[in-house]
Structure formats: structure tokens, C-alpha cells
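Have a look at the structure below, then the notes.
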Amino acid sequence: VKIALHGATGRMGGAVLSAARAQGHEIVGAIAEPGCVDVGRDVGEVQHVAPCGVAVQEDIASALLGAEVVIDFSQARAVTAVARAAARAGIALVSGTTGLDPGAERALDQAAAVVPVVWAPNFSIGIQVLTEVLRHAMRRLGQGFAVEVVEVHHGGKADAPSGTARRLAQEAASARDRAQIVFGREGLIGARPAHEIGVLSVRGGDVVGDHTVYLLGQGERLELTHRATNREVFAQGALFAAQAVLTRTKGRYTLADLLP
Ligand code: NAD
């Protein structure tokens, strides 16, 4: 697959670059933030792997020339631009960027009216399965169990809570007659209302991404935990999505839509 990388100089950009080359895909474009010090340098060198003959650029349109798909792991404020550029170029977009505001969400929907768009807050297969397990647990446990989500990430993460934690909380909320998701707690909060679903974020060190859903009952509890131990799992998932989506027409897809 001919791939352009948006957010090419970042942590995930590096993971996708390495995994893509190992799988024999071709990197044809690499885009970084305007003003980035790495503009003009070979993206392989920037990521401390072998040079690949593709210079980091600021201009999205020219970086997408010749690409079949653009893979985006950047920043929320950059997503609208890449979605518009993918639509204009008529190529598929695979985005894993989190913390999106309603404007960026709208831009993904607008692009999906023209090209295939995959967005997932977590490209690991383990999180997909955890989400399915949670759906099942919510059905079996009924309304009486309290649900809380705790996520842990490295100190460099830009957004909180993680997109995955939001997604897990929304999944739990959808199984409830009444639910209110709350992000963190402080002060004299009083007794926990039964309809609350708390989401808490821990930051520090080099943690790639841990998520635990607590299902707290009287006399027993379940703790459903997923731990990502390297970024390669997300890169592999994004590459799987990039290949799978090429067989699809315009529209918005999740990772679950593409899994066999
Ligand atoms: P990072 O800070 O290491 O990298 C972000 C990159 O985006 C930087 O290289 C930066 O130069 C680039 N960027 C910023 N603004 C840009 C712009 N306007 N145009 C082009 N590039 C721009 O962050 P990271 O750890 O690689 O994570 C990136 C995103 O991916 C975050 O939103 C993170 O939450 C998300 N993420 C998603 C998954 C998943 O599976 N969906 C997994 C890990 C991380």
C-alpha cells in the first residue's frame, strides 16, 4: 500500500513507519506540524531508522500525491486539515488521533461523504475484545453494578481522558437506563450517585496505555484490564485498517467494522 503519514515525526508516526516498512508497504509522503524543525529531513532519519527517501513536509496536499491512504496520528487540532486534504485528493483516511472536538468530528464525517474514513481511539485488537467483554458483562450484571474507568498513560500524552477511556465509558453508559459520565472528582462530592460512570486519568513515566474498567457490586467486583506494552500493536492495527479500507467505498468505519 502507498501510504502518507500525517504526524510522521511523532511517537506513533515512528511506530507506523517501522511497521509499514517491515510489511513491505511504501511510504510516499510524511507530514509534520508547520514550522517543525524536521521539515526537509528524511523521515527515516528523523525516526532513527534507515533513510527512506521521503522528506518531511508541511504541505499536506503535495505529501498526499501518489498515496492510496493517509494514516494520521497527530493532534486533535490538525485533524480537520488532514480530513479535508484526503477528501480533496480522493484517498482513504485512517485516523487514530484522539481528543477530537465537534469541529474535527464534523470534518471526518464530511470527508466520509467522499472517501472511506476509519477513525478508532484504539487500534489494538485487545481493546476491541475488551469492549465486547464489557458489553456482555453489562448485560449480565444488570443495573446494580457501579462502573468506573481508570486509564494510565505516559506523561507526554496531550489529551485526557484517553479516547479509549471515553469510548469504554460510553459503551457502559449505552447499557444503562440512565447514566452520567463524570471526568475526575474533587471536594465534598457526597455519596456516589448510582447513575454515575467515573473516568479517571493517571499520567507519568513511559506507560504506553493501560485501561481498567471496574464493575463494582456488593460483595464482589470485576476488573477488566487491558495493557498495551508497545506502540506496535496500534501501528499494526492501523496498517490492517489501511489495507482493509481500500476495498471499501466512501463512508465512516470503526476498526470493528473492518475486522473479519
Ligand atoms: P506525538 O506528540 O508523539 O506526535 C504527534 C505528532 O503530530 C508530532 O510529530 C507533531 O509534529 C504532529 N503534528 C502536530 N500538529 C500537526 C499538524 N498540524 N500537521 C501535521 N502534523 C502535526 O503523539 P503520539 O503519542 O504519536 O500520539 C498522536 C495521537 O495519536 C494522539 O492523539 C494520541 O492520543 C493518539 N494515539 C492513538 C492510538 C490509537 O490506537 N488510536 C494509539 C496511540 C496514540
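The values are calculated or read from the model by the stated rules, or taken from the named source; none is laboratory data. Because the structure is predicted, anything quoted here is derived from the model rather than measured. Because the Cβ atoms are built from the backbone with ideal geometry, glycine has one as well, and the counts that use them run over all protein chains shown.
Does VAL16 fit the bill of being more than 12 Å from the ligand (Cβ to nearest atom) and either of a type in the set (Val, Ile, Thr) or under 16 Å from the mean Cα position of the chain (by Cα) (or both)? No: the conditions fail for VAL16.
Of all residue pairs spaced 6 or more apart or on separate chains, none has beta-carbon atoms under 8 Å together with a first member in segment 67-87 that is over 14 Å from GLY10 (Cβ atoms) and away from the ligand (no atom under 11 Å from the Cβ) and a second member that is modelled with pLDDT under 95 and among the small types (Gly, Ala, Ser). Restricting the search to segment 93-103, which residues are in contact with a strand residue (DSSP E or B) (Cβ under 9 Å, 6 or more places away or on another chain) and within 12 Å of the ligand (Cβ to nearest atom)? Correct list: VAL94, SER95, GLY96, THR97, LEU100.
Selection over segment 202-245 of residues that are away from the ligand (no atom under 12 Å from the Cβ) and either surrounded by 14 or more Cβ atoms within 10 Å (Cβ to Cβ) or farther than 25 Å from ARG140 by Cα (or both) gives a count of 17. Go over the candidates ARG135, ARG140 one by one and state the one that is touching a helix residue (DSSP H, G or I) at 6+ places or on another chain (Cβ under 8 Å) and away from the ligand (no atom under 11 Å from the Cβ). Going through ARG135, ARG140 in turn, just one is touching a helix residue (DSSP H, G or I) at 6+ places or on another chain (Cβ under 8 Å) and away from the ligand (no atom under 11 Å from the Cβ): ARG135. Taking only pairs six or more apart or across chains, which ones have beta-carbon atoms under 7 Å, a first residue in segment 44-66 that is in contact (Cβ under 8 Å) with a residue 60 or more places away in the chain and within 25 Å of ALA81 (Cα to Cα), and a second residue that is of a type in the set (Val, Ile, Thr) and in a strand (DSSP E or B)? Note: pairs meeting the criteria are LEU64/VAL70; GLY66/VAL28.
Checking GLY53, GLY29 one by one, the residue that is surrounded by fewer than 18 Cβ atoms within 10 Å (Cβ to Cβ) and over 21 Å from SER162 (Cβ atoms) is GLY53 and no other. Consider segment 161-184 and keep the residues that are surrounded by fewer than 11 Cβ atoms within 10 Å (Cβ to Cβ) and part of a loop (DSSP other than H, G, I, E, B). The one that is nearest to the ligand (Cβ to nearest atom) is GLY184.
In summary, GLU33 fulfils each of the numbered conditions (1) closer than 20 Å to VAL245 by Cα; (2) in a loop (DSSP other than H, G, I, E, B); (3) near the ligand (Cβ under 10 Å from one of its atoms) with the single exception of condition (1).
The single condition from (1) within 15 Å of the ligand (Cβ to nearest atom); (2) more than 18 Å from ALA32 (Cα to Cα) that GLY90 fails is (1). Tallying residues that are at pLDDT 95 or above and surrounded by 12 or more Cβ atoms within 10 Å (Cβ to Cβ) within segment 133-151 yields 13.
Per-residue answers, yes or no, for (1) touching a helix residue (DSSP H, G or I) at 6+ places or on another chain (Cβ under 7 Å); (2) farther than 18 Å from ALA244 by Cα; (3) surrounded by fewer than 22 Cβ atoms within 10 Å (Cβ to Cβ); (4) at pLDDT below 95:
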site	(1), (2), (3), (4)
LEU5	yes, no, no, no
ALA8	yes, yes, no, no
ARG11	no, yes, yes, no
ALA19	yes, no, yes, no
VAL37	no, yes, yes, no
ASP42	no, yes, yes, no
